Amino acid sequence: DSVPPTAPVLPATTAPVSAPPPRAPLTRRHLLGVAAGLTVTAGAGVTAYRLNVDDGPGGTEDPKPGGLLAALREKGVVRLGIADERPYGYVDGYAGSDIHATGVGPAVAAAVFKRLGVRRTQAATTPFEMLIAGLGVDHFDVIATGLYVTPDRCRQVLFATPHFELRDAFLTARRGAATVTSYADVARVQRQDGFKLACAAGSQQLEYAREAGVKDILPLVDPEAGLAAVSTGRADAFAGTHLDVRALAKKDSEVAVSRPVQPTSGGRPVHNAGAFAFARDQRELRDAFDTELRKIKKSGELLRLVKPFGFTKAEMTDTALEDIC
């Protein structure tokens, strides 16, 4: 979830809470659970680093009466939590000891915080399952990895307006490109003519297919295996995110991509929408960020920022937090 597109929503990392999480003191156990590495500067105003086990928080101090946003402006840097996952937020290069962080989250965050008067961003890499816990103990100021909005997570963090939504699609051989347009279609065609659907093992797509009544499913290790299965005839279609499937189709001219599919669960649409996440006691910062994010979305700048990472207008969304939380 933004996690890799084929493994979107992982379980919440902490129990849901209804009050702001405490700013717990850092311990060796906390730090071991987050990451280990070094601190470096990088191009485009972004620094990527991993916490050493003997480090303190090393970032913004507890906000003064002016609030965290005022403290960030004074310090001139904001700390982003990412999970080193393409295309959401990842380390994409090295120059000696320097590492450069990029991706949808860092690119959009840098633009928004610049509008808020914070000149630089730092991106801290941590395992995906530790992102919410890391935010809770002040390892970073915002999760910037396209975390999917879920009701459980809405009780743990403050989300900004979703800035993308991933729908699904089917990769098929060109001869079958018009055959399936939904998981229900797959189940129908399977009952009539036989049809083997491939999905990444453990993915949400596999669960959507099962819920729709699809019986013959080929579990695979990753989307690349899905392309091979369709190309060789081991499967009639591969189900993945529209983002993943489009990227696969560019590698083989003999395959085709269906139109975007809105997944459903329990008879209701599932919105796999990604958003920036803030600590529950940082509503002022979240609201200020959200205001500027909405502006760049309306102006078209948001789409321009995410296009280099494979996102298109199809991934832009008007889904509101209230529709999910």
Fill in the blank from the handout: Residue count, the range 131-146, condition in a helix (DSSP H, G or I) and in contact with a strand residue (DSSP E or B) (Cβ under 9 Å, 6 or more places away or on another chain), comes to 4
Problem - Boolean, Val112 is open to solvent by less than 20 Å² (accessible area, probe 1.4 Å) and farther than 28 Å from Ile324 by Cβ - result: no
Exercise for the section: Using the structure shown, decide if Ala109 is of a type in the set (A, V, I, L, M) and under 19 Å from Phe164 (Cβ atoms). Expected result: yes
Exercise for the section: Among the residues of the range 211-228, write down those that are part of a strand (DSSP E or B) and open to solvent by less than 20 Å² (accessible area, probe 1.4 Å). Expected result: Leu220
Completion exercise
Of the listed residues (Asp252, Asp281, Asp244), the one being over 23 Å from Val104 (Cα atoms) and touching a helix residue (DSSP H, G or I) at 6+ places or on another chain (Cβ under 7 Å) is Asp252
Practice task
Tell me which residues, restricted to the range 158-196, are in a helix (DSSP H, G or I) and crowded, with 22+ Cβ neighbours inside 10 Å.
Solution key: Tyr183, Val186
Exercise for the section: Take the range 127-157 and flag every residue that is aliphatic (A, V, I, L, M) and either open to solvent by less than 10 Å² (accessible area, probe 1.4 Å) or in contact with a Phe, Trp or Tyr (Cβ under 6 Å, 6 or more places away or on another chain) (or both). Expected result: Leu131, Leu135, Val142, Ile143, Ala144, Leu147, Val149, Val157
Fill in the blank from the handout: Here the residues within the range 265-305 that are within 22 Å of His242 (Cα to Cα) and in contact with a strand residue (DSSP E or B) (Cβ under 7 Å, 6 or more places away or on another chain) are Val270, His271, Asn272, Ala273, Gly274, Ala275, Phe276
Practice task
Quickly run through the range 229-244 and pick out the residues that are part of a helix (DSSP H, G or I) and surrounded by fewer than 17 Cβ atoms within 10 Å (Cβ to Cβ).
Solution key: Thr232
Completion exercise
The residue from Leu321, Leu285, Leu305, Leu293 that alone is among the aliphatic types (A, V, I, L, M) and open to solvent by 40 Å² or more (accessible area, probe 1.4 Å) is Leu305
Problem - Among (1) in contact with a strand residue (DSSP E or B) (Cβ under 7 Å, 6 or more places away or on another chain); (2) open to solvent by 30 Å² or more (accessible area, probe 1.4 Å); (3) not acidic (Asp, Glu), the one test that Ala247 misses - result: (1)
Exercise for the section: Kindly establish whether Arg283 is out of contact with any Lys or Arg (no Cβ under 8 Å at 6 or more places or on another chain) and not aromatic (Phe, Trp, Tyr). Expected result: yes
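The values are calculated or read from the model by the stated rules, or taken from the named source; none is laboratory data. What you see is a predicted model, and the numbers here were worked out from it, not measured in a lab. Cβ coordinates were reconstructed from backbone atoms using ideal geometry, including for glycine residues, and neighbour counts include every protein chain displayed. Just so you know, the surface numbers come from the protein's heavy atoms only, side chains and all, with ligands and any DNA or RNA stripped out. Shrake-Rupley method; radii C 1.70, N 1.55, O 1.52, S 1.80 Å.
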